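The values are calculated or read from the model by the stated rules, or taken from the named source; none is laboratory data. In this text the structure is predicted, and so the values were computed from the model without any measurement. Please note: Cβ atoms are built from the backbone with ideal geometry, for glycine as well, and neighbour counts cover all protein chains shown. With ligands, DNA and RNA removed, areas are computed over all heavy atoms of the protein, side chains included. Shrake-Rupley method; radii C 1.70, N 1.55, O 1.52, S 1.80 Å.
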Amino acid sequence: MFLALWLTPERDTPGDFFVDERRLSAVRNGFAMFGDYVSAATLLGTPGLIALTGYDGVVYLVGPVVGCVLLLFLVAEPVHSTGRFTIGDCLAQRLGARAVYAASSVSTLVICLLYLVVQMVGAGSIAASILGIPGEVSQRVVVGALGLLMIMYVLIGGMRATTAMQMIKAALLLGTAVLLAVWVLARFAFDPGALLSAASGSGGPGDDLLRPGTRFTGIRGGLDLLSLALALALGTAGLPHVLMRLGAVPTAAKARRSVRLMTWLTCAMCLVAGVLGFGAAALVGADAVAADSSTGNTALPLLAERLGGAPLVSLVSCVAFATILAVVAGVTLAAATSLSHDLYVTVLRRGDCPARREVLVARVAVVVIGVAATSLSMYVQHINISFLAGLAFALAASASLPSLLYGLYWRGFTAKGAVWSIYGGLASSLLLVLLSPDVTGSPTALLPGLDLAVFPLRNPALVAVPIGFLLGWLGSVRDTREPGGAPFAETEVRVLARARGRD
């Protein structure tokens, strides 16, 4: 709150509140993007999954790195050159239809709400672990308090305060994670082989911990693994809060340097998360992790307690809360920006809106979105947050990315193709998830009393992403209002000019 009050926007304008008037350096924005991207799922969910499932959890480490590389080479500079605040701006620079803004806003809101729920579930897991208060009541109280703090923080500080929080969080997160990883390796004389051997003999899956098939078994399991990897690899380039950060630097070249720094930091964090996951299996035991939390979300606090007792648990918990707070602030700001700029100003007011009112609507949207995400998260505390994160990435990969790539690189793309792609990818992802085993049909499902699980995969990306691309192509070729595609020359010039670092 001190940072938010200290770093309030200098002027009450959309440019200052949403992207800090593009004044950030590449280094500061790179650290902030890393802070925005690496969430509670990476810090808490991924080590827990690796501790419980071993080899099959490693996909959660590889996918984000591949996604960062795709963001670096295909999206970063073109989006900066063609967009302003949101994905809708990037698409409408060429397509120019209010329907595109509306579709983009709906997609952004759904993705951001789900991603916010991921962070709040992580907060509840940490609260139950460190406060020692049993039951769901304590989790809901802490989740509610964190949601209130997040709302106040974004309301006051906007992009400037959010950036500061994310930079501090990035330094704390990476420093603490490296400290824990070195501590774990020191227990095994810095011999990774000894660490893996101890992990495989610690109970749970046993020797199977280092083999594929613990979580993803058979043909269906292989397809599920492929679907999850596809979601994590492609979803990064479609996450609204990450793409919004590309507009916080003055030039496209600096946007590329920001993503490059973010990629290196993400590689380091994923490597460290793998060490922590196997360390939790070796030192705490897979059975003990599962007994404390069947989802594995508390594996990292348990590992910290085994290594350094209560002081280290306190440090890890503070870093976890900082991680959650920073990410929810960035995601909430992205959702509020889309609701205000895309839906209210462009669609409802047709662009006729004073700057102060646009910022006011964004602040109201922060409250609405924050309350909605906090309320939803109170009822899904028992779900592993890495699963929820994978679902958010699948939505981004199927609803946002196809239209974004088509708009940047395909001359024949039209507004109808964009609307079909966004709504089709979003609807197919949500429908397939509702019909998956993670929602109904199993004792660990979100709704165990129902059985509607006719879709065998837990992640919909393998089917939904091709649907998003197919509908984008089909809508464009069938568009009689814009035969041959929307005007492409200006977009092509902007995209090609990025090679020289021009806007």
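Listed values (1) 39, 30, 19; (2) 36, 25, 21; (3) 59, 30, 23 include one computed from this model; for semi-axes √(5λ) of the Cα gyration tensor in Å that value carries the label (2). Here the dipole of region 262-391 is about 500 debye; that uses its Cα centre as origin and unit charges on the Cβ of Lys and Arg (positive) and Asp and Glu (negative).
Over the C-alpha atoms of region 215-313, the Rg to Rh ratio, Rh being the Kirkwood estimate, stands at 1.10.
Other residues lying with their Cβ under 12 Å from the Cβ of Arg357 contribute a combined charge of 0, Lys and Arg counting +1, Asp and Glu -1. Temperature 10 °C, viscosity 1.306 mPa s: under these conditions the Stokes-Einstein estimate for region 1-107, based on its Kirkwood radius over C-alpha pairs, is 93 µm² per second. Among 272-283, 46-57, sorting by the average number of other beta carbon atoms lying within 10 angstrom of each residue, highest first, gives 46-57, 272-283.
For the chain, the relative contact order works out to 29 percent when only alpha carbon pairs closer than 8 Å and six or more residues apart are counted. Can you give the local net charge around Trp420? Use residues other than it whose beta-carbon is closer than 12 angstrom to its beta-carbon, Lys and Arg +1, Asp and Glu -1. Spelling it out: positives minus negatives among the neighbours equals +1. Protein heavy-atom accessible surface, 1.4 Å probe, per residue over region 1-121: 28 Å².
Over the chain, dividing the summed -39,500 (n - 2.57) contributions of all DSSP H runs of at least 4 residues by the number of residues returns a 222 nm mean residue ellipticity of -22500 deg cm²/dmol.
Between the Cα long axis of helix 26-37 and the first principal axis of the chain there is an angle of about 60°, rounded to the nearest 10. For region 279-296, 3J(HN,Hα) computed residue by residue from phi via the Karplus equation (6.51, -1.76, 1.60; θ = phi - 60°) reads x, 5, 5, 6, 8, 9, x, 4, 5, 5, 5, 5, 5, 6, 8, 5, 8, x Hz, glycine and proline entered as x. The listed peptides 406-415, 106-115, 261-270, ordered by packing as a protection proxy, come out as 106-115, 406-415, 261-270 (highest mean of other Cβ atoms within 10 Å first). Taken over the alpha carbons of region 260-310 as equal point scatterers, the Debye sum produces base-10 log I(q)/I(0) values at 0.17, 0.23 Å⁻¹ of -0.55, -0.79.
Calculate, for Met1 and Ala186, the FRET efficiency according to 1/(1 + (r/R0)^6) with r their C-beta to C-beta distance and R0 45 Å; round to the nearest 0.05.
That gives a FRET efficiency of 0.75.
Compared with the dominant principal axis of the Cα atoms in the chain, helix 415-434 is inclined by about 20°. Note on the chain: with neighbouring protein chains present and a 1.4 Å probe, carbon and sulfur make up 67 percent of its accessible heavy-atom surface.
Protein heavy-atom accessible surface, 1.4 Å probe, per residue over region 216-374: 33 Å². For the listed peptides 229-236, 58-65, a ranking on the average number of other beta carbons within 10 Å per residue, highest first, reads 229-236, 58-65.
Between the amide H of Leu447 and those of Thr440, distances stay under 5 Å, these residues lying 5 or more places away or on another chain, with hydrogens modeled in the peptide plane. Evaluating 6.51 cos²θ - 1.76 cosθ + 1.60 at θ = phi - 60° for every residue in region 101-108, the Karplus couplings come out as 4, 5, 5, 4, 5, 4, 4, 4 Hz, glycine and proline recorded as x.
If only the Cβ of Lys and Arg carry +1 and only the Cβ of Asp and Glu carry -1, the dipole of the chain around its Cα centre is close to 1360 debye.
I want the local charge near Asp479. Using Cβ-Cβ distances under 15 Å, sum +1 for each Lys or Arg and -1 for each Asp or Glu among the other residues.
+4
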